[in-house]
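The values are calculated or read from the model by the stated rules, or taken from the named source; none is laboratory data. Everything numeric in this text was worked out from a predicted model, so none of it was measured. All Cβ positions, even for glycine, are placed from backbone atoms using ideal geometry, and neighbour counts span all protein chains on display.
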Amino acid sequence: MHIERILILEDSKEYSDAVIGILRNLGYTPDLAETVQQARDALGRAHYDLALMDVHLPDGASTDLLHEQAGKHGAPVFIMMSGQATLESAIEAMRFGAVNYLIKPFRAEQLEVALRQLEAWKRLTVETDYLRSQESSEPPIHMIVGNSPSIQMLKQLIQQVGPTDATVLIHGESGTGKEMVARALVDASSRRNQPYIKLNCTAIAENLIESEFFGHEKGAFTGAFQKRVGRFEMADNGTILLDEISELPLPLQSKLLRVLQEREFERVGGERTIKVNVRVLASTNRDLKATVKEGKFREDLFYRLNVVPVAVPALRSREGDIAVLLDYFLNHFTKRHGKALPLVPQETREAVCRNSWPGNVRELQNCVERAVILSSASRVLQPLDFGLTETEEYAKVDGAPAEDFSIEKMEGKLIHAALKKTDSNITKAAKLLGMSSRTLHYRIAQSRSGERKSPEI
């Protein structure tokens, strides 16, 4: 995170020239105010990241500005300067928001250290705010579970690639755990203690995605009331994950290519080039080569992202892992929800393992969590608790073979079993059956009347 605009409030030309010289040597271009009123006017006209202010001015004390700016959205950070410093004045300045207090005369090294500390503090503040905003979307489990050969190969590849700074393209079906693979790559890298920023390319409106990537300056477009730092700048010295990269609009693909090649960009509406040191991970559930042939994805960007391709296997190809994941999720969710560990009969376990799970690990995880939450006092889970409605699992209710049941009769059996399981609670039964309460009401009424019409859902 970089400090960009600095306002100096100093009436002594000797000190103002000295401070301006120090700041320019450090790469800053500060503005100067010589009175409290000039500083007040400057803060009203423009946004400043830092105000470096002498305490005593001809028209008053700069601490008045501290009082005025305290709590204001977008207010600068204040560092005070004084040649007549007392402990009481320093405490008062800190109490009203100053982050540092420099006693004149000070050396250039003292000011440089104060600025570096401030940049570190600003970075931490932005990262903390971002991470807090992401807490609700964070996946509940952060490890790759399984012992199948394909998963063992995946773990080995992560250990090989993780410690490098190579760009990685993670691909696999939806729900296979691509985000967890990205997290594992970060944990295996030297950047593990640096920022890790995630951006879902499908979750942001197309007209805002450039601002999300690179940030914007105040007034860059309608609604840009203040400067905003983008995700790449947040991720400086760390890692960024570009989730669902295949959905990135073509106009932005060229700008992303520049970041990958040059590690630099400009904010929307800005002219200053910002350089960053970021490792890029990308993920997709689509065949990017096919997307390139369709003209929807730049070929040069594909090759820049595909330095190290990492394939995440579908759950149906992970022999033996469904049983391992079932036990893992049962233990995890019973602890999370404060439930007793339910019993899973062998026939239920076999039904879960036979299922193809087209939604992969995410689908299995969600089904296990739902089964745990809705488990009754008996704590014996049946296939229906996992959303499995295979004919063979319910055709044995009255000892009759599956061939004796029509679709209508089988549906009636399933509804009856769900209602019995939930003590006739329509809402819970509908959840077990994977339908809305309204649809279930309709099906019950339909079965009683003997009609078969398509319900309005």
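Can you spot a residue in the stretch 395-414 that is of a type in the set (Gly, Ala, Ser) and either within 42 Å of the chain's Cα centre (by Cα) or modelled with pLDDT of 70 or more (or both)?
We begin by selecting, within the stretch 395-414, every residue of a type in the set (Gly, Ala, Ser); these are 395, 399-400, 402, 406, 412.
If we keep only those that are either within 42 Å of the chain's Cα centre (by Cα) or modelled with pLDDT of 70 or more (or both) too, we end up with 412.
There is at least one residue in the stretch 395-414 that is of a type in the set (Gly, Ala, Ser) and either within 42 Å of the chain's Cα centre (by Cα) or modelled with pLDDT of 70 or more (or both).
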Would you call Ala39 among the small types (Gly, Ala, Ser), crowded, with 19+ Cβ neighbours inside 10 Å and outside any strand (DSSP E or B)?
yes
Filter the stretch 271-286 for residues that are surrounded by 12 or more Cβ atoms within 10 Å (Cβ to Cβ) and either more than 18 Å from Phe213 (Cβ to Cβ) or not charged (D, E, K, R) (or both) and give the result.
Ile274, Val276, Asn277, Val278, Val280, Leu281, Ala282, Ser283, Thr284, Asn285, Arg286
Pair list, Cβ < 7 Å and 6+ apart or interchain, from the stretch 95-110 residues that are assigned by TED's automatic domain parsing to the domain that holds Val19 and among the basic types (Lys, Arg) to residues that are outside any strand (DSSP E or B) and surrounded by fewer than 16 Cβ atoms within 10 Å (Cβ to Cβ)
Lys104/Gly83
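Quickly run through the stretch 256-270 and pick out the residues that are of a type outside the set (A, V, I, L, M, F, W, C) and surrounded by 17 or more Cβ atoms within 10 Å (Cβ to Cβ). First the steps, then the outcome.
Residues of the stretch 256-270 of a type outside the set (A, V, I, L, M, F, W, C): 258, 261-264, 266-267, 269-270.
If the condition is that a residue be of a type outside the set (A, V, I, L, M, F, W, C) and surrounded by 17 or more Cβ atoms within 10 Å (Cβ to Cβ), then Arg267, Gly270 are the ones that fit.
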Out of all the residues in the stretch 349-391, which are on the phi < 0 side of the Ramachandran plot and touching a residue at least 60 places away in the same chain (Cβ under 8 Å)?
Gly359, Val361, Arg362, Glu363, Gln365, Arg370
Count of residues meeting criterion [at pLDDT 80 or above and of a type in the set (A, V, I, L, M, F, W, C)] in the stretch 67-97
5
Within the stretch 240-252, identify whether any single residue is farther than 18 Å from Ala182 by Cα, touching a Leu at 6+ places or on another chain (Cβ under 8 Å) and of a type outside the set (Lys, Arg), and answer yes or no.
yes
State all residues of the stretch 415-435 that are at pLDDT 70 or above, under 16 Å from Arg370 (Cα atoms) and not aliphatic (A, V, I, L, M); if no residue qualifies, say none.
Lys421, Thr422, Asn425, Thr427, Lys428, Lys431
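Looking at Phe329, Phe297, Phe333 in this structure, which one is crowded, with 17+ Cβ neighbours inside 10 Å, at pLDDT 90 or above, more than 20 Å from Lys420 (Cα to Cα) and assigned by TED's automatic domain parsing to the domain that holds Arg279?
Phe297
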Given (1) touching a strand residue (DSSP E or B) at 6+ places or on another chain (Cβ under 6 Å); (2) crowded, with 18+ Cβ neighbours inside 10 Å; (3) over 24 Å from Val229 (Cα atoms), index of the condition Asp11 fails
(2)
Within the stretch 215-251, the residues that are in contact with a Phe, Trp or Tyr (Cβ under 7 Å, 6 or more places away or on another chain) and at pLDDT 90 or above are Arg231, Phe232, Gly238, Thr239, Ile240, Ser246
I'd like to check something: does the stretch 45-62 contain any residue that is more than 38 Å from the chain's Cα centre (by Cα), in a helix (DSSP H, G or I), surrounded by 17 or more Cβ atoms within 10 Å (Cβ to Cβ) and in contact (Cβ under 8 Å) with a residue 24 or more places away in the chain?
no
